[in-house]
Every structure is written in structure tokens, then in C-alpha cells.
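Scroll down for the structure; my scribbles are underneath it.
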Amino acid sequence: MVIQKVAVSLITTLILDKSDQDHVATNTDDFLVRMLKGCVQVSSRPNITNTINMVPVDHVARLVAASTFNPPDSKTGVIHVTSHPRITFNDYLSSLQQYGYNVPDVNYKEWRDRIEKYVEGDEKEEHAL
């Protein structure tokens, strides 16, 4: 029996944006989409300055193909894909205002309280968050 070694690389990314430069598609159950919907439901958005590591799928596909022909030199073989520059939650959620939604920026505690009140209420619409 002949055993051959196969080189393996692990490619990781935190959030994969399913759109590319020419097409837009998304999973409506994705956290970031649900976050947008939740903000619309409670008519506000939280002030969160954290960054989002969101990478377009076509960029990740190019990196996967490139890593096939140029594998990493390290023995661990890990390629971690990150976005540059990273968008902040505030920038991402403020896009709602640009598209006509009235979702003012509020502090996180106030926004969380609004979410809890919305969930406890008798609203007919599905709770995004």
C-alpha cells in the first residue's frame, strides 16, 4: 500500500458577503441582514463602533484559486481572509438612513431595551433578532 502526503490548506473568513461586483444575493437568515431588519422593526439603530470583517464571495473565490497554485509556506497552511478596509457597524447600519428608513442612532442600551419591548409586544411580524 502506498500512502501519499496531500498538502492541505485551511482558508477562513468570518463573514462571507454573497454579492460580487456585478450581482447581489444574500441569505435572508444571515446575521447582518437580520440586524438591518431588526433596526427597521424598532425604528432605531445601535451605536456600535466595532468593525465587520465582511468579504465579497468573488474575492474569497479568487483567493481560494490562488492558494491552490501558491500554497502557504508554513506547515500549518492557514490562510485567513480579512477585509480591508473594514466597515464599522455604524457605517453599515447607517445605510438604512440612506435608503429612506427612519432609524436614528441611539445608544446600545436604549436600542436593546427597544428590542426587548418589541419582542414582548403583540407585533404580528417575525422578530428579526
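Here is a yes/no grid of residues against (1) at pLDDT below 85; (2) surrounded by fewer than 12 Cβ atoms within 10 Å (Cβ to Cβ):
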{"position": "7", "(1), (2)": "yes, yes"}
{"position": "16", "(1), (2)": "yes, no"}
{"position": "36", "(1), (2)": "no, no"}
{"position": "39", "(1), (2)": "no, no"}
{"position": "47", "(1), (2)": "no, no"}
{"position": "50", "(1), (2)": "no, yes"}
{"position": "58", "(1), (2)": "yes, no"}
{"position": "64", "(1), (2)": "yes, no"}
{"position": "69", "(1), (2)": "yes, yes"}
Checklist outcome for this item: Reported set for the range 29-87 where residues are under 30 Å from residue 111 (Cβ atoms), assigned to a helix (DSSP H, G or I) and basic (Lys, Arg) is 34, 37
Next on the checklist: Can you list residue pairs whose Cβ atoms sit under 7 Å apart, with the first residue in the range 86-97 being within 9 Å of residue 52 (Cβ to Cβ) and modelled with pLDDT under 95 and the second being hydroxyl-bearing (Ser, Thr, Tyr) and surrounded by 13 or more Cβ atoms within 10 Å (Cβ to Cβ)? Count only pairs 6 or more apart in sequence or on different chains.
Outcome noted: 86/51; 87/51; 88/51
Next on the checklist: Please determine whether any residue of the range 75-83 is under 30 Å from residue 40 (Cα atoms) and touching a residue at least 40 places away in the same chain (Cβ under 8 Å).
Outcome noted: yes
Item to check | Among (1) over 22 Å from residue 28 (Cβ atoms); (2) modelled with pLDDT under 90; (3) not hydroxyl-bearing (Ser, Thr, Tyr), the one test that residue 109 misses | outcome: (2)
Checklist entry - Is the range 61-76 home to any residue that is over 30 Å from residue 114 (Cα atoms), in contact with a Leu (Cβ under 6 Å, 6 or more places away or on another chain) and of a type in the set (Val, Ile, Thr)? => result no
Checklist entry - Could we say that residue 26 is modelled with pLDDT under 80, assigned to a loop (DSSP other than H, G, I, E, B) and within 30 Å of residue 116 (Cβ to Cβ) here? => result yes
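The values are calculated or read from the model by the stated rules, or taken from the named source; none is laboratory data. Since the structure is predicted, the reported quantities are computational estimates derived from the model, not experimental observations. With ideal geometry, Cβ positions are generated from the backbone for all residues, glycine too; neighbour counts draw on all protein chains shown.
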